[in-house]
1. So for the stretch B:341-361 (the condition being open to solvent by 40 Å² or more (accessible area, probe 1.4 Å) and among the β-branched types (Val, Ile, Thr)), does at least one residue qualify?
2. Against the definition (closer than 25 Å to B:Leu261 by Cβ and assigned to a helix (DSSP H, G or I)), how does B:Asn241 come out, yes or no?
3. All but one of (1) within 14 Å of another protein chain (Cβ to nearest Cβ); (2) assigned to a helix (DSSP H, G or I); (3) not polar (S, T, N, Q) hold for A:Leu148; which doesn't?
4. Determine which single condition B:Phe408 fails, assuming it passes every other condition in (1) surrounded by 18 or more Cβ atoms within 10 Å (Cβ to Cβ); (2) away from chain A (no Cβ under 14 Å); (3) among the hydrophobic types (A, V, I, L, M, F, W, C).
5. Scan the stretch B:175-198 and give yes if some residue there is outside any helix (DSSP H, G or I), open to solvent by less than 10 Å² (accessible area, probe 1.4 Å) and closer than 30 Å to B:Ser120 by Cα, otherwise no.
6. Could you check the stretch A:341-362 and list, in sequence order, the residues that are outside any strand (DSSP E or B), within 16 Å of A:Asp268 (Cβ to Cβ), modelled with pLDDT under 90 and touching a strand residue (DSSP E or B) at 6+ places or on another chain (Cβ under 8 Å)?
7. List pairs: first residue in the stretch A:51-71 and touching a residue at least 60 places away in the same chain (Cβ under 8 Å), second residue in a loop (DSSP other than H, G, I, E, B) and β-branched (Val, Ile, Thr) anywhere in the structure, Cβ distance under 7 angstrom, at least six positions apart or on different chains.
8. Would you point out the residue of the stretch B:425-443, among those that are assigned to a helix (DSSP H, G or I) and within 14 Å of chain A (Cβ to nearest Cβ), that is nearest to B:Ile477 (Cα to Cα)?
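The values are calculated or read from the model by the stated rules, or taken from the named source; none is laboratory data. Because the structure is a prediction, the values reported are computed rather than measured. Here the Cβ is made from the backbone with ideal geometry for all residues, glycine too, and neighbour counts use every protein chain on show. Heavy atoms of the whole protein, side chains included, go into the accessibility calculation; ligands, DNA and RNA do not. Shrake-Rupley method; radii C 1.70, N 1.55, O 1.52, S 1.80 Å.
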Amino acid sequence: MKLILNKIKNFSKVKERKLKSEMSSNETGVIHLDSVTHFYSNDNFPTIENLNLLVKHGEFISILGESGAGKTTTLRMIAGFEKISSGYLRIGGQLVGSNFLHAPPNHRNLGVVFQDYALFPHMTVYKNIEFGMDSKIVDKTDKINNILSMVGMHGYENKYVHELSGGQQQRVAIARAVATNPIALLLDEPFSNLDRILARELRKDIKKIVTNTETTTILVTHDREEALAISDRVAVVSNRKLLQIDTPEYIYNNPLTPDVASLVGPCDFIEGEYKNNSVETSFGKFRAKSTEKIEDHQNVKVLIRPSDVHLINEGSENFSNRVISREYRGEYDEYEILSEKGEIIHSRMNNYENIAVDSKVQIILNKNRSVIVYKN
Amino acid sequence: MNLVKFNFMNQNNFNKNILYNKNKPPIFLIILTLIIALLCITPALYLLFRSFEIAGGNLVSIILTKNVFLVFFRTISIIFLVSVVSCIVAVFSAWVIEKTDIPFKKVLTLGLILPLVIPSFILATTVVELYSPRGQLQKFLSIFGVDRLPEIYGLPGATFVLVIMTYPYVFLIVRGALRRLDPQLLEASRSLGYGSYKTFFFITIPLLRPAIAAGTLLAALYTLSDYGGMALLRYNTFTVNIMTLYDASINRSLPSILSLLLVFFALFFIFIEYFTRGKGVFHRSTSGSEKIAKPLETGALKWALVLILFLIILLSLITPIGVLFYWLIRGLINGNDLLPLLNPVLNSLYVAFLASFFTVLTALPVAIFITRYKHKLNNFIEFASYIGFGLPGIVVALSLVFLSINLFFPLYQSIWLLIFSYIVLFIPASIGSIRASVLQVNPRLEDAAYSLGKTPIMVILRVTLPLIMPGILSGGIIVFLLTLKELPATLILSPIGYDTLSTTIWGAATEAFFTRTGGASLILILIAGIPMAFMTLKSTRYNIQK
């Protein structure tokens, strides 16, 4: 009985301090996950382990990872659909989740956009958007019309959900989430049910909307192109852990681990020997850099991106690397190159550089870029 | 219908993460469902307690008497016959309706389902009129020199009546399963060189196994618990025996011991169904859009198939209703008045409305609880609320009589006790229907509503309830129908002088005033049939649009 009473007490307390977006400050961020771990009650392994993430006001952050990496769970924890097992979750500086406290989703004032839209099928577009809005707002109709034109859905307010296409439904879902003036917008794979062209269009529109309204946004996705194109920072999640978080450009060029490297772009790994800021491999000698401290003559793992690899086949007879396949991809050709040691790397080059299969080639890196090396 | 959904859920572990909300259920919901579950389980528990108290050591010796063995044997044989025959009729007609290109599908479907609304005791009266040694059929056949038909009383007549009564249920279950069957599996079988009939036996039938098992179980349980039809056709099963002993009221302990046996009997069938269900996963394996299979072209056979289905409908729907009209007209000519029926009609409607309202009201929290939340009480609540499915009406009624006499005397002879027995008996059916519609609601919709700042109660009122309204309505209609048809519990529990349609018909029929039953029977069938026909047509239309 005491427990129930306590629960009711806590409940009303949380309600009083219903969260406001103005409450964020620079140190606490809008959303702050402080060593958060999550277990499903019957699992031995955590779904996400020791996650630290500080999202600042107006920032657009993508959580990138393969399916099962724990990224959707992370989003659902922030939204309040999952309880966190340990650590602290703060929204607007206010503690909303820990092992002893769980503010329910309806007290968190976050806008959530779901993968399958989750629009209410028994309501019109207008009613869907109105659903979450404060009932005391006077000029509700104007507001809703504004939001609808912002997402490019003006004139659809009396349609039912099943009369809309997938892209249109997702626009309405975004409008519904934005209409409540949320502290932050959480997007759970919002484009994965749409075709590529539609997804790209919608992505640009969303970016415009959240930039104009300075809305803090977290996007969960498995599509690296999407994550790199839209975000201020990308958080790479793999195997239940946050591996690296940084700007798209930095993370692409300086991935902390091989896992991060392969998640943010296509890549090959080969063996090499590190010496004096360069690396000797079976494909030749390249300039090298590393995020770790590496001593000379140490064996290392070398990361090579296919788009950096340029092939030269003039004066070919002396070269030891052989082209074993060529695939036409439209914008570029993808070559597979075999070294004497039996290692394989890929190259992506413009298709006017017509190199035949079986020709011997020399490998140079575009613009003399450095490769990244990792300790073995 | 319910059981199939039920199987579907259990096997579909893959979907559990989506179906279940991992949040804890609100405390008021836990307490509410727990109370409902305990109420549902009360009659069975009390019966168990009573039987042991009364019988003590004599239990075994009572069970082992020769008479009990005979009754046991009779019950088993009719259950076997009815299950097999109604299974064959139902699977055949469902397959023809769903998978071939015969014409008049809508009318035939309606005709095959509507016998559902005719109670067994009305069917029994018409069967006696038509097929008894000197009945209408014999009069017709006398032109051909037949002057006596074989005896209809006993096993043949009872089997005939119960097949007609049970096959529509099996038909509905199998038809539902056939619709959910992935047509690509059948196409794959055809592409691997199996003909359409081979495909039917090697692919369709095995895939339908859970549905057929559930349907057969339903047929068996209805046969086990039927009182009216069996009694009129003088086939002495457990249920009839219990009622006779109770009416004689010499010994109150014997009926309760036999009731307990009856419950074990029912449990036995439920277990059999559980094990024949199999371990395979029978849901559609593809996530792509549902494809509509091209119906099988039957060519000249088409009209033969239509004729067979028509014959089934003729025997199970048209002739019984014809006989009732014949009685009605003959009765009116002989000066019978329909006015005395007004009171029973109003009573029946009143009781049926109350029963559907309260049953749906109690089914709703249970259905939401067991589909939406993963809780340690889930299994218990599911079992407790489904127990009425296996309890014959007579058992619940007897237990409630004893319970009210001994513990809650003010309830004895009150209409609320009757309503309570209906709730216990019919809550599984309405849970099944509500549960199916809850399963169709994407839990993300509820998540979305929470994230838009709504409290749990607001979410239920504004999102969940409107979306499951169709399921609630059809659940209510089913209970309405079952209540109108119910006989044994109504006979035992309705207050003295409180006549409903079914007790009125029963009274006239047992005194062999068949002519008097015509009007009342037709009114009952009409009241029950209209919502049923409406529901059937609505679901067919929906399917065509799709």
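1. Within the stretch B:341-361, none of the residues are open to solvent by 40 Å² or more (accessible area, probe 1.4 Å) and among the β-branched types (Val, Ile, Thr).
2. On the way: closer than 25 Å to B:Leu261 by Cβ: yes; assigned to a helix (DSSP H, G or I): yes.
Criteria met by B:Asn241.
3. (1)
4. Result: B:Phe408 passes all but (1).
5. No, every residue in the stretch B:175-198 fails to be outside any helix (DSSP H, G or I), open to solvent by less than 10 Å² (accessible area, probe 1.4 Å) and closer than 30 Å to B:Ser120 by Cα.
6. Taking the stretch A:341-362 first, the residues outside any strand (DSSP E or B) are A:341-343, A:350-359.
Subset that is within 16 Å of A:Asp268 (Cβ to Cβ): A:341-343.
Now narrow it down to the ones that are modelled with pLDDT under 90: A:341-342.
Across the stretch A:341-362, the qualifying residue is only A:Lys341.
7. A:Val55/A:Val30; A:Lys56/A:Val30; A:His57/A:Val30; A:Gly70/A:Thr47
8. Here is the first cut: in the stretch B:425-443, the ones assigned to a helix (DSSP H, G or I) are B:425-440, B:443.
Checking which are within 14 Å of chain A (Cβ to nearest Cβ) leaves us with B:437, B:440, B:443.
Details: B:Ser437: 15, B:Gln440: 20, B:Pro443: 26 Å.
Among residues in the stretch B:425-443 that are assigned to a helix (DSSP H, G or I) and within 14 Å of chain A (Cβ to nearest Cβ), the one nearest to B:Ile477 (Cα to Cα) is B:Ser437.
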